[in-house]
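Here's the structure we're looking at; comments come further down.
The values are calculated or read from the model by the stated rules, or taken from the named source; none is laboratory data. The structure displayed is predicted, hence computed values, not measured ones. Ideal geometry is used to build each Cβ from the backbone, glycine not excepted, and the neighbour counts take in all protein chains shown. Heads up: the accessible areas ignore ligands, DNA and RNA and are worked out on the full protein's heavy atoms, side chains in. Shrake-Rupley method; radii C 1.70, N 1.55, O 1.52, S 1.80 Å.
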Amino acid sequence: MRYYLFDEICLHNKKDDFWIIIHDNIFNLTPMLKDRYDSWNKNLDLLLSFGGKDISHFFLYNNLPKTEISPVTGKPRVLFPPILEAAVSEHCKTTGKLWSQDSFYHIGRLTRKERRLRIINTLTGTTTAMKVCDEDTIYDIQRKYSELYNSHAGSYLWRKFSYGGDCPGELLLHETLDGNGLVDEETDIELPPPSIWLYYTNDLTIA
């Protein structure tokens, strides 16, 4: 399972790159929208206006759509009509599933908490401030850092400082920040975020 920051999700708000959030579940509806380019309608225009946003208020906790009684017909109707839309092509959906319950579109979950982190490159002397997911492992953080800031991130040894900063400590790549002892302490004063130090190994084959 991959976790995302809201800052990441809100960027995907276009017709050809479209994500939404339902009860912390993230859905990439881009394949469905692209499949409907030739049969576009007002429901899809309405859906498009919610790109990169949380639309949980239209859905029950099992991701089924909420309904109301129509004052005209006396019959139930969905609060969010775009849920009735579906891809035309079978390879762009799971047959018989609403898109809000279709694992084909489900790509991950919203993080339970954002974490601030400093990445200190000892070769360049630069410090990069990052926001990561509380659930991210060090491997996930390495991947994000490589994608955003330094494509040769794998050519560095990643270390933390332990025992009051007296000696460097190895990081467990499969563990989170908390799992590596880099906890987010709650105090009455604002503390600097935890730091990870990068030491260049002169081995570009690692990246």
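Check segment 68-86 and report whether any residue there is assigned to a helix (DSSP H, G or I) and acidic (Asp, Glu). Break it down stepwise before answering.
Taking segment 68-86 first, the residues assigned to a helix (DSSP H, G or I) are 81-84.
Applying the additional criterion that residues be acidic (Asp, Glu) yields none.
No, because not a single residue in segment 68-86 is assigned to a helix (DSSP H, G or I) and acidic (Asp, Glu).
Somewhere in segment 57-64, is a residue open to solvent by less than 80 Å² (accessible area, probe 1.4 Å), aromatic (Phe, Trp, Tyr) and outside any strand (DSSP E or B)?
Yes, some residue in segment 57-64 is open to solvent by less than 80 Å² (accessible area, probe 1.4 Å), aromatic (Phe, Trp, Tyr) and outside any strand (DSSP E or B).
Within segment 16-54, restricting attention to residues that are part of a loop (DSSP other than H, G, I, E, B) and out of contact with any Phe, Trp or Tyr (no Cβ under 7 Å at 6 or more places or on another chain), which residue is surrounded by the most Cβ atoms within 10 Å (Cβ to Cβ)?
Of segment 16-54, the ones part of a loop (DSSP other than H, G, I, E, B) are 16, 23-24, 29, 36, 40-41, 49-53.
From what's left, out of contact with any Phe, Trp or Tyr (no Cβ under 7 Å at 6 or more places or on another chain): 16, 24, 36, 40-41, 49-50, 53.
Numbers: 16: 9, 24: 14, 36: 21, 40: 13, 41: 12, 49: 9, 50: 16, 53: 14.
Here the answer is 36.
Mind telling me which of the residues 140, 166, 136 ends up being of a type outside the set (Lys, Arg) and either at pLDDT below 95 or loosely packed, with under 15 Cβ neighbours inside 10 Å (or both)? Don't jump to the end; show me each part of the working.
Numbers: 140 fails: either at pLDDT below 95 or loosely packed, with under 15 Cβ neighbours inside 10 Å (or both); 136 fails: either at pLDDT below 95 or loosely packed, with under 15 Cβ neighbours inside 10 Å (or both).
Being of a type outside the set (Lys, Arg) and either at pLDDT below 95 or loosely packed, with under 15 Cβ neighbours inside 10 Å (or both) holds for just one of 140, 166, 136, which is 166.
Residue 84 - would you say it is more than 29 Å from residue 199 (Cα to Cα), in contact (Cβ under 8 Å) with a residue 24 or more places away in the chain and open to solvent by 80 Å² or more (accessible area, probe 1.4 Å)?
Numbers: more than 29 Å from residue 199 (Cα to Cα): yes; in contact (Cβ under 8 Å) with a residue 24 or more places away in the chain: yes; open to solvent by 80 Å² or more (accessible area, probe 1.4 Å): yes.
When the stated conditions are applied, residue 84 passes them.
Looking for whichever is closer than 11 Å to residue 22 by Cα and among the aliphatic types (A, V, I, L, M) here; the options are 64, 79, 46, 98. Which one fits?
Values: 79 fails: closer than 11 Å to residue 22 by Cα; 46 fails: closer than 11 Å to residue 22 by Cα; 98 fails: closer than 11 Å to residue 22 by Cα.
The unique qualifying residue is 64.
Residue 11 versus (1) open to solvent by 60 Å² or more (accessible area, probe 1.4 Å); (2) at pLDDT 95 or above; (3) under 15 Å from residue 105 (Cα atoms): which is the lone unmet condition?
Among (1) open to solvent by 60 Å² or more (accessible area, probe 1.4 Å); (2) at pLDDT 95 or above; (3) under 15 Å from residue 105 (Cα atoms), the lone unmet condition for residue 11 is (3).
Go through segment 87-114 and report how many residues are open to solvent by 30 Å² or more (accessible area, probe 1.4 Å) and part of a strand (DSSP E or B).
Residues in segment 87-114 being open to solvent by 30 Å² or more (accessible area, probe 1.4 Å) and part of a strand (DSSP E or B): 5 in total.
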